[in-house]
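A short reminder: the numbers here are calculations on the coordinates, not readings from a lab. Bear in mind the structure is a predicted one, so any value in this text is a computation, not a measurement. All Cβ positions, glycine included, derive from the backbone under ideal geometry; neighbour counts span all protein chains shown.
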Amino acid sequence: MNKRQIFKTLAGVLGLTLSLATPATAQMTIRYAHVGSEGDIQHWYAEEFAKRVEKRTEGRIKIQVFPNSQLGGASETIDGVRSGAIPMAHHEFGSLTRLLPEIGAFAAPFIYRDGTHAMAATDPNRSEVMKEVSDRLVKQANIRVIGRLYRGARQMTAKMAIYSPVDLKDKRFRGVPLPLWTTMIKGMGAIPTPVEVAELPTALMTGMVIGQENPLTMINANKLYEVQSHAMLTSHMQNVLPVFINERTWQSVPEKDRAILGKVAAEVGEETLKLGLEAEVKLIDELKKKGMTFITEKEGLKVDEFRKSVNAQVNADFPSWKPLMERIAAVQ
């Protein structure tokens with residue numbers, strides 16, 4: 001065999017080796033966007049998800065996290081995942097309503113008994129109602145729900161004590177820039193004022209709005225105690241955020257790695273429930289030390305009045321949700 005033949009043989013062997021090695025060592029980077037601050041539990045979820053996925057796929061899948069609206073607010077994030085410009089994200093169920101109106105029922109106020117119920121009803125692997133709605137979202141919008149995370153119960157804060165919807169009459173109150181929040185804030189008795197989360201501290205400080213509502217983890221992480229004096233423990237929403245991915249991106253991931261993504265999403269999601277419930281207890285004392293006054297039913301907070309008023313507004317604005325809401329409420 002002459003030198004030219006030897007080189008050809010070696011090149012062929014080397015090429016075969018590289019072609020065989022490429023699938024096993026190929027790395028896919030998936031960008032993951034969310035609007036939460038880096039101190040929020042939702043960012044902990046995204047970062048922990050990224051670490052575990054990279055480790056368990058042995059580097060085949062790398063998740064690159066972009067927090068704090070770096071890739072845009074709610075609308076930009078949803079549009080980005082739908083088009084594939086942003087492969088993966090998490091946000092409110094309500095943000096997906098313009099793609100699939102009925103999915104907003106999973107974020108309806110006062111629908112869940114507690115955080116455990118909320119996580120069970122929104123589990124894309126075990127909840128039949130969630131599976132059905134996620135399948136419709138894939139067909140209609142090219143987006144698949146692969147997990148969820150728990151941020152805690154959403155509570156109201158304000159620059160004054162609030163006891164009932166009457167106290168919010170004619171007052172501008174911040175809502176997430178989504179139709180469901182406009183409905184809910186209106187039901188609470190206030191004037192709905194959409195403000196992106198990144199602009200919220202400024203809106204509160206300048207008096208553009210007198211209050212807002214969010215989980216205690218976010219209130220603490222974003223230092224809202226510096227511009228809000230009172231917290232009202234209405235627990236009007238059990239704040240569960242869906243984790244979703246562009247369907248083309250999902251199908252481009254090898255099947256064994258899709259299984260890992262789904263398993264890690266569920267695993268870290270369950271950990272946020274535990275962390276969220278523990279944090280809620282600790283944060284009340286912590287926020288009290290930082291100057292906030294807490295108002296509960298014991299102090300005269302009329303949660304039933306808020307529930308009745310908000311539910312009436314939701315039923316008026318989203319009448320088609322009722323059958324789905326009944327199924328969600330019935331999940332054990």
- Please list, in chain and number order, the residues 5+ apart from Lys171 or on another chain whose amide H is under 5 Å from its amide H, with Hs placed from the backbone. Ile191
- Indicate the helices, whole DSSP H runs only, in the chain that combine a mean Kyte-Doolittle hydropathy of -1.0 or more with a Cα extent along their long axis of 15 angstrom or more. 3-25, 128-141, 255-289, 303-317
- Note on the structure: Those GluC sites (Glu not before Pro) from the range 208-299 that are DSSP loop and have at most 10 other Cβ neighbours within 10 Å turn out to be none
- Loop trypsin sites (Lys or Arg not before Pro), the range 147-238, which have at most 11 other Cβ atoms in a 10 Å radius of their Cβ (DSSP): Lys169
- Task: Would you mind giving the three semi-axes, in whole Å and largest first, of the ellipsoid equivalent to the chain according to its Cα gyration tensor?
- Result: 44, 21, 17
- Query: For the chain, what does -39500 (n - 2.57) per DSSP helix run (n ≥ 4), summed and divided by total residues, give at 222 nm, in deg cm²/dmol to the nearest 500?
  - Reply: -15000 deg cm²/dmol
- Dipole magnitude (debye, nearest 20) for the chain, charges at Cβ of Lys, Arg, Asp, Glu: 980 debye
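In square nanometres, what is the average projected area of the Cα convex hull of the range 177-332?
Here the figure is 12.0 nm², rounded to one decimal.
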- Query: If the cut-off is a Cα-Cα distance under 20 Å, which lysines reach Lys55, setting aside same-chain residues fewer than 8 apart in sequence?
  - Reply: Lys256, Lys263
- Which ordering of Lys302, Lys256 is given by a fewest-first count of other beta-carbon atoms within 10 Å? Lys256, Lys302
- For Thr202 and Glu255 in the same chain, what is the full-extension length gain: residue separation times 0.36 nm, less their Cα-Cα distance, in nm? 14.5 nm
- Message: What distance in nm separates the two pseudo spin-label positions at Gln27 and Asp317, each 7 Å out from Cα along the beta-carbon direction?
- Response: 4.5 nm
- Two-decimal Rg/Rh across the range 87-136, once Rg and the Kirkwood Rh are taken from alpha-carbon atoms: 0.95
- Query: Convex hull over the alpha-carbon atoms of the range 50-117: what's its volume per residue in Å³?
  - Reply: 133 Å³
- Message: Can you tell me the length gained on complete extension of the stretch Arg98 to Ala85, counting 0.36 nm per residue apart and subtracting the Cα distance?
- Response: 2.9 nm
